[in-house]
Amino acid sequence: MSSTQHTRKIALIDCNSFYVSCERLFNPKIRKRPVVVLSNNDGCIISRSNEAKALGIKMGEPYFKEKEIIVKNNVQVFSSNYSLYGDISRRVMRTLKRFNSDIEIYSIDEAFLDLSNFSDNEIEDVGHEIRSTVLKWTGIPTSIGIAKTKTLSKVANHIAKKKQSGVVSLIGIENIDPILEKVEVNDIWGIGKQLTKFYHKNGIYNAKQLKNKSNTWIKKSSSVLGSRTAMELRGISCIDLETTTSKRKSCVVSRSFGQRVESFQELKEAVANYSLNASEKIRSEALVAKSLTIFIRTSPFQSRYGFYSNSKTIDFPIATNNSIEIVKAALSGLETIFKNGYRYQKAGVMLSHLTGSNGGKNLFSSDRDEKINSLMKSIDNTNYRYGRSTLSLASAGVHKKWNMRRQHSSKIDTADFYCLPTIRN
């Protein structure tokens, strides 16, 4: 085995225009057309195809501001469909794990993968193999950057996005200064607006200048994070792969309503839905909650109706992840804080003091508890297979007028057989 095989090699796999790519999977007609995906309540643009970017449509811009360009250029617009994106993301991550189980899922569309077991000579071919496999198995195009450190792999990925091959490796390059010189300091991973301003004031405009700045100056003038970033740019690994996810301490589910809510019944339905969602999430991670907080508020910008915000925390006698118990507690809390005469904009539920469920057993467990646990498992399995809310509680309602505004929803559901693309002769 050659010594080069021991060189640290980290790949950053980033899904290209991920939300757009997910929508295109089920709609081949829009593959070459400009497409944008909107945030909750169809507020802002959160994903753009390359064709949409070429039209000058900005990321994060409110939809109404870009509507003229969108209509003029027949840009395809979609409301966000997070259940679809979450499912496709899980498929991508499962595919990546076939190359190495040492993976850090960094976000819904990004992951760091340890490829240190491959030699320097074969590393770029491995990158191409990963890219083609993900595309073949999931239909999602990716950009892949490979380097000795996580920060450099981000740089490599930044370059890969602009290359047709979609893969860039910095492994084996002796002098990367000419490459780093073309990377602006604000494009370096972990450097925000304030740090960018500070570096600009001190004559640092690109990654090469930061890399070659003296350690003494960086330690004196910048934070530990700044020093760590400079070391990473020099090829010295300071940021480990976080391959194990720590257990969460709380779980929040909240939404702004698609239209203002005045009636207690509609607010009750929303809170019940959020409680069911939160319960399902903590069960999927084998957690139980010791307390619940329910909160509601009106819009601070509609003063003529008056502003009102309130919350209520309820402690459970025994930590639980039982949907029925959690919904009951949330609705009980809602009754104490609800006030008539207000137009509510948002509500939410937070489950806190989360701990491991320990198989659902405790000193006070009974046969009834085991039956409820079995019921929860059946509900989760059914909803996972046939789509969220296939099985629900009556208190969660049916019509859901308060739901998020999603006027441009593709209504694609990977659990629905009828959403599959069909081939016609």
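The values are calculated or read from the model by the stated rules, or taken from the named source; none is laboratory data. Note that the structure is a prediction, hence the values are computed from the model and not measured. All Cβ positions, even for glycine, are placed from backbone atoms using ideal geometry, and neighbour counts span all protein chains on display. Ligands, DNA and RNA are stripped out before the accessible areas are found, and what is left, the full protein with its side chains, is counted by its heavy atoms. Shrake-Rupley method; radii C 1.70, N 1.55, O 1.52, S 1.80 Å.
Observations
- Some residue of segment 70-78 being closer than 22 Å to ASP14 by Cα, in contact with a Phe, Trp or Tyr (Cβ under 9 Å, 6 or more places away or on another chain) and open to solvent by 60 Å² or more (accessible area, probe 1.4 Å): no
- Residues of segment 116-128 that are more than 20 Å from PRO141 (Cα to Cα) and crowded, with 21+ Cβ neighbours inside 10 Å: PHE118 alone.
- In the condition set (1) assigned to a loop (DSSP other than H, G, I, E, B); (2) over 23 Å from the mean Cα position of the chain (by Cα), PHE198 is compliant with all but (1).
- Odd one out for GLU174 among (1) charged (D, E, K, R); (2) under 31 Å from the mean Cα position of the chain (by Cα); (3) assigned to a loop (DSSP other than H, G, I, E, B): (2)
- Inside segment 279-294, residues that are open to solvent by less than 60 Å² (accessible area, probe 1.4 Å) and assigned to a strand (DSSP E or B) make up a count of 7.
Residue-by-condition table, conditions (1) in a helix (DSSP H, G or I); (2) open to solvent by 10 Å² or more (accessible area, probe 1.4 Å); (3) farther than 27 Å from LEU115 by Cα; (4) among the β-branched types (Val, Ile, Thr):
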residue: TRP137; (1), (2), (3), (4): yes, yes, no, no
residue: ILE144; (1), (2), (3), (4): no, no, no, yes
residue: GLN164; (1), (2), (3), (4): no, yes, no, no
residue: PRO178; (1), (2), (3), (4): yes, yes, no, no
residue: GLN209; (1), (2), (3), (4): yes, yes, yes, no
residue: ILE218; (1), (2), (3), (4): yes, no, yes, yes
residue: GLU232; (1), (2), (3), (4): yes, no, no, no
residue: GLY235; (1), (2), (3), (4): no, yes, no, no
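- Residue match in segment 182-189 (condition: polar (S, T, N, Q), open to solvent by 60 Å² or more (accessible area, probe 1.4 Å), under 26 Å from the mean Cα position of the chain (by Cα) and modelled with pLDDT of 95 or more): no
- Residue match in segment 53-60 (condition: within 18 Å of LEU241 (Cβ to Cβ) and free of Cβ contacts under 8 Å to residues at least 40 places away in the same chain): no
- Segment 14-48 - residue that is assigned to a helix (DSSP H, G or I) and open to solvent by 60 Å² or more (accessible area, probe 1.4 Å) and, of those, farthest from VAL167 (Cα to Cα): ASN40
- A Cβ distance below 6 Å, combined with a sequence gap of six or more or placement on separate chains, defines the contacts here; from segment 135-146, residues that are under 15 Å from LYS97 (Cβ atoms) reach residues that are open to solvent by 20 Å² or more (accessible area, probe 1.4 Å) and not in a loop (DSSP other than H, G, I, E, B) in the pairs THR138/ARG91; THR142/ARG131.
- When residues of segment 332-374 are limited to those that are more than 30 Å from SER263 (Cα to Cα) and basic (Lys, Arg), the one modelled with the lowest pLDDT: LYS361
- Test: residue in segment 90-101 that is within 26 Å of ILE30 (Cβ to Cβ), aliphatic (A, V, I, L, M) and open to solvent by 20 Å² or more (accessible area, probe 1.4 Å): no
- In segment 14-38, the residues that are at positive phi reach residues that are part of a loop (DSSP other than H, G, I, E, B) and not aromatic (Phe, Trp, Tyr) with C-beta atoms within less than 6 angstrom, at least six apart or across chains, in these pairs: SER17/SER49.
- Applying the criterion of at least 3 residues that are in contact with a Cys (Cβ under 9 Å, 6 or more places away or on another chain) to the helices (runs of 4 or more DSSP H) found wholly in segment 49-122 leaves 82-96.
- So GLY333, is it touching a Lys or Arg at 6+ places or on another chain (Cβ under 9 Å), assigned to a helix (DSSP H, G or I) and crowded, with 19+ Cβ neighbours inside 10 Å: yes
- Qualifying position, being among the charged types (D, E, K, R) and in contact with a Lys or Arg (Cβ under 7 Å, 6 or more places away or on another chain), among GLU68, GLU51, GLU61: GLU51
- LEU241 fulfils the conditions (1) within 20 Å of TYR106 (Cβ to Cβ); (2) assigned to a loop (DSSP other than H, G, I, E, B); (3) free of Cβ contacts under 8 Å to residues at least 60 places away in the same chain except for a single criterion, (3).
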